[in-house]
Amino acid sequence: MRRFLAVLLLLLSAALLGCPLASPNTIEHGNVSFDVSPNGETIVFSDANGDLWLFALLNDKLTRLTESKESESWPSFSPDGKSVIFVKDNENGQGMSVYQMIIDSREMQQITSSDQCSDSQPVFSPDGSTIAFSRSHLRRRYSMGGWTWDKWDVYTIRLDGSDFTRQTHGNHYEIGGLAFSANAKHVYFTADEIRNSDSKATLFTITLDDSSVAATKPGKAGDYYAWCTDPHTNKKDEMVFISDRNSPFQYDVVFAAPEGPQTTLGVTTVSQHNQNPVVTNDGRILFLAGTAWNSGSRPIFSLWSVNVDGTATKQLAGSALFTNPLEWARQQNH
């Protein structure tokens, strides 16, 4: 999903602004993602260079978690807030595997391993015993140059490495995020079926007892691309996700309570292409990444918060936080 939208918006931006696609300014945030701690006080994020950081929301304190030649991304907190899971480059330079880090000790252990696949988007179950993640089974040449990973599916594995299970067999073009239900009986995910024009970033639900998969169909096809992507849930089973179903190419945040109405928050005033919404466990606030475009027509993110009723939209940090965290911290101290 992010792969398609990033390319699409890059082309649209260049066309509308008359900007060339090639530019000396090569800063981009394709590696940037974040999660919020269970108590809502700390953000863990991966920066543009592939390192992991903690960002304390109460005092803007930054703490580096990794500094390595490999790239780390998709960090996610454990339910107790004492560890994070993430993906890291494989030693052979192809693909990524899932790791866990104990925050206090920085002790790290590898959870998954494959020389032929690439893993992404790991998330903890509510009790912290199981991880769901997406896995690609094919590395192929990309139509716009270079290489890309394709044929994605959802897997689960226990933290100790047991019960490794392939939950889906869809060979999706891309998966746009995963989230456990509050009772840990289901995993939600969105899949980009660009090969199938009838499916536009559909939301799927996996029942873990039998690995059955049910699709929440968007209904009549509309002039939109992301009917639902980037899902995130809290312990109250409230969900937030990104959608442009209300207005084509206006990627807004939608808040959905269990068995309740879905509310579009109207944060396209932040940006037309919002990403990575995370709702706090108390269901009061969500955080998101707003997108801007630098002089090289490349997407860069800033960090925002908003109440779940769409009020009190606030920028917490500009794009420099994700581009160069240490320089951002120095700027805050002057």
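Here, each number is a calculation from the coordinates, and none is a lab measurement. Values in this document were obtained by computation on a predicted structure and should not be read as measured data. Note that each Cβ is placed from the backbone with ideal geometry, even for glycine, and that neighbours are counted across all protein chains shown.
Which FRET efficiency value, to the nearest 0.05, do you get for Asn171 and Lys235 by plugging their Cβ-Cβ distance into 1/(1 + (r/R0)^6) with R0 = 30 Å? It would help to have the intermediate numbers written out before the result.
Details: r = 32 Å, r/R0 = 1.08.
Efficiency for this residue pair is about 0.40.
Taking a Cβ cut-off of under 15 Å around Ala182, the surrounding Lys, Arg, Asp and Glu residues balance to a net charge of -2, with basic ones at +1 and acidic ones at -1.
Counting residues in segment 230-288 as N, plug N into 2.2 N^0.38 Å and put the Cα Rg over that result.
Numbers: Rg = 10.8 Å, N = 59, 2.2 N^0.38 = 10.4 Å.
So the Cα radius of gyration is 1.04 times the expected 2.2 N^0.38 Å.
Each residue of segment 283-298 is assigned a 3J(HN,Hα), and the resulting list reads x, 9, 10, 10, 10, 8, 9, x, 10, 10, 10, 7, 5, x, 6, 10 Hz, derived from the Karplus form 6.51 cos²θ - 1.76 cosθ + 1.60 (θ = phi - 60°), x at Gly and Pro.
To the nearest 20 debye, what is the magnitude of the charge dipole of the chain about its Cα centre, counting +1 on the Cβ of each Lys and Arg and -1 on the Cβ of each Asp and Glu?
Values: 27 positive and 37 negative charges, 130 e Å.
So the dipole magnitude of the chain works out to roughly 620 debye.
Rounded to the nearest Hz, the phi-derived 3J(HN,Hα) couplings of segment 250-258 under the Karplus curve 6.51 cos²θ - 1.76 cosθ + 1.60 (θ = phi - 60°) are 10, 8, 9, 9, 10, 9, 10, 7, x, where x marks glycine and proline. Spin-label model, Arg158/Ala215: points 7 Å from Cα along the beta carbon direction are separated by 3.4 nm. If R0 equals 22 Å, the separation of the Cβ atoms of Lys61 and Lys314 corresponds to a calculated FRET efficiency of about 0.75. Subtracting the Cα-Cα distance of Ile102 and Asp80 from 0.36 nm times their residue separation leaves 6.8 nm of extension gain.
To the nearest 0.05, how large is the calculated FRET efficiency for Asn246 and Glu70 if R₀ is 45 Å and r is the Cβ-Cβ distance?
Values: r = 40 Å, r/R0 = 0.88.
E(calc), rounded to 0.05, equals 0.70.
Between Leu326 and Asn49, the contour length at 0.36 nm per residue exceeds the alpha carbon distance by 98.5 nm. Distance between the pseudo-spin-label points of Thr263 and Ser113 (7 Å out from Cα toward the beta carbon): 4.8 nm.
For the chain, the Cα gyration tensor yields ellipsoid semi-axes of 25, 24, 22 Å (square root of five times each eigenvalue, largest first, whole Å). Between Phe55, Phe77, Phe241, the residue with the greatest mean-square fluctuation in the GNM of the chain (Cα pairs under 10 Å linked by springs) is Phe55.
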